[in-house]
1. Out of the residues in segment 96-118 meeting the condition of being of a type in the set (S, T, N, Q) and not in a helix (DSSP H, G or I), tell me which one is nearest to the chain's Cα centre (by Cα).
2. Find the helices (runs of 4 or more DSSP H) located wholly in segment 119-232 whose residues include 1 or more that are farther than 27 Å from residue 105 by Cα, and list them.
3. Can you pull out the residues in segment 174-222 that are polar (S, T, N, Q) and more than 20 Å from residue 89 (Cβ to Cβ)?
4. Can you find a residue that is open to solvent by 80 Å² or more (accessible area, probe 1.4 Å) and of a type outside the set (Asp, Glu) anywhere in segment 153-164?
5. Looking for whichever is in contact (Cβ under 8 Å) with a residue 40 or more places away in the chain and open to solvent by 20 Å² or more (accessible area, probe 1.4 Å) here; the options are 193, 169, 208. Which one fits?
6. Could you please let me know if residue 236 is closer than 28 Å to residue 151 by Cα and not aromatic (Phe, Trp, Tyr)?
7. Of the numbered conditions (1) in a helix (DSSP H, G or I); (2) open to solvent by 30 Å² or more (accessible area, probe 1.4 Å), residue 265 satisfies every one except a single condition; which is it?
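The values are calculated or read from the model by the stated rules, or taken from the named source; none is laboratory data. Worth saying up front: this structure is predicted, and the values here are computed from it rather than measured. A quick note on method: Cβ atoms are made from the backbone with ideal geometry, for glycine too, and the neighbour counts reach across all protein chains shown. Protein only, heavy atoms only, side chains kept; ligands, DNA and RNA dropped before computing areas. Shrake-Rupley method; radii C 1.70, N 1.55, O 1.52, S 1.80 Å.
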Amino acid sequence: MTDIEKTAGGKGAPPAAPEAIKAIPVKHYGRYVSAVVAIALLAAIVYAFSQGKINWHAIPDYFFDDRILTGVGKTLLLTVLSMVIGIVGGIVLAVMRLSKNPVTSSIAWFYIWFFRGTPVLVQLFLWFNLGLVFEYINLGPIYKNYWSDFMTPLLTALLGLGLNEAAYMAEICRAGLLAVDEGQTEASHALGMSHAKTLRRVVIPQAMRVIVPPTGNEVINMLKTTSLVAAVQYPELFRYAQDIGQNSGAPVEMYFLAAAWYLIMTSILSVGQYYIERYYARGSSRQLPDTPWQKVKANMFSLGRPKGGAA
């Protein structure tokens, strides 16, 4: 009788089970040290501010003040209007930049070069002080007025922020348009579609997946950049916080208050940006990432569930 038959008949000894491998996790001492150092630095900063001469009670007292809420509203309005100017101008400049016409392409290049190469604050002061150069604005029979009356703080802010943003949006839009395969354009032209219709129906919808993420960052950056218009006398959140701080004798506390409001608004915009990016990623990802609410629900349902799946 062979060994196999003996084993099958139960007369042979069963093979010994392999020993379980005991995995020993690697200890990362550098992580522990860096975590301790970071916590110590954070504690030192918190302790320093707690010992400083800061009237923390002034922040909640003025947090919902009418002037602060008015400044928040004007900040949001200025952000929206400036981004509309920037996006529309950026699309036009991107198309001009990609044009085969050397004149329009050169004009768009010069515009982008100038506005990207000069600081926003300098541009705001240039618009605000052009009244020293031009006494009147004369558009013939359409409009004529003193430059000082025409160039209001709001118009100065819109021109300074919107035109500067158009230069950045032009590069973002150009990158998105170039990201679409040329075969899409060639196929559209073969079907008899005009260049404008090809852009509107084929190219731009596909380019949005590339354009949307940096545009969301530009919106958040624009919200913070609006604080610069306080220099040209436009009353927004930062300007109102400055005025309240000077009148109440708590300027630093009002700066903290303004920072808190900016954090709230940018956080809300970040959530909206996430959902917009998720919407335009539908055609490029097999499985969309979970939303923050879906992650919270998944973590809540996983609590108390035993490892291995079965209860």
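1. By that ranking, first place goes to 118.
2. Details: elements: 120-128, 147-150, 153-179, 182-190, 195-198, 204-225.
The helices (runs of 4 or more DSSP H) meeting that bar are 120-128, 147-150, 153-179, 204-225.
3. Within segment 174-222, 184, 185, 188, 194, 198, 206 meet the criteria.
4. Here is the first cut: in segment 153-164, the residues open to solvent by 80 Å² or more (accessible area, probe 1.4 Å) are none.
The answer is no; no qualifying residue exists.
5. Sole residue among the options that is in contact (Cβ under 8 Å) with a residue 40 or more places away in the chain and open to solvent by 20 Å² or more (accessible area, probe 1.4 Å): 208.
6. So residue 236 passes the test.
7. Answer for residue 265: the failing condition is (2).
So that you can scan it fast, the table gives a plain yes or no per residue for (1) in contact with a strand residue (DSSP E or B) (Cβ under 7 Å, 6 or more places away or on another chain); (2) at pLDDT 80 or above; (3) surrounded by fewer than 12 Cβ atoms within 10 Å (Cβ to Cβ); (4) β-branched (Val, Ile, Thr):
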| site | (1), (2), (3), (4) |
| --- | --- |
| 237 | no, yes, no, no |
| 243 | no, yes, no, no |
| 246 | no, yes, yes, no |
| 250 | no, yes, no, no |
| 256 | no, yes, no, no |
| 294 | no, no, yes, no |
| 300 | no, no, yes, no |
